[in-house]
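See structure below.
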Amino acid sequence: MAKVLGLGGVFFKCKDVESYRAWWSDFMGVDIMDWGAMQWEADGKSFTMMSPFSDDSTYLDPSEHRFMINLRVDDVRTLIEMAKKGKATVIGDVEETEYGIFGWFIDPEGIKIELWQEV
């Protein structure tokens, strides 16, 4: 059966992305990836990240919340179907990219959930 493997990351909006990243780098010793996320090795199989987006970003739409949760999963397509059965609002189509397979839905609390399957 398809399952969630762990937290992939938290994505959120902030007023000053560069200053926020600098704070985490300067005061918490967190490495900032070339593409802007903060990333930690979690279990030797993958990683956990925090990734700020500018206030005007539409990446978290259509949720009205200022954050999105990314979950590592073993089967995006099956979990998207399970979310549909649970009356979640599925957003767009499942996408296969060089970074993995992704799917999105809005959960019962209106939070955007991104499912990520490594390939």
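The values are calculated or read from the model by the stated rules, or taken from the named source; none is laboratory data. Keep in mind that what you see is a predicted model, and the values were worked out from it rather than measured. Cβ coordinates were reconstructed from backbone atoms using ideal geometry, including for glycine residues, and neighbour counts include every protein chain displayed.
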| field | Residue list for region 5-49, restricted to those being under 17 Å from Phe102 (Cα atoms) and modelled with pLDDT under 85 | value | Leu5, Gly6, Leu7, Gly8, Gly9, Phe11, Ser46, Phe47, Thr48, Met49
| request: Could you tell me which residue of region 4-37 is farthest from the chain's Cα centre (by Cα), considering only residues that are loosely packed, with under 10 Cβ neighbours inside 10 Å and assigned to a loop (DSSP other than H, G, I, E, B)? | output: Gly29
| remark: Picked from region 45-65 (must be part of a loop (DSSP other than H, G, I, E, B) and polar (S, T, N, Q)), the residue farthest from Ala22 (Cα to Cα) is Ser63
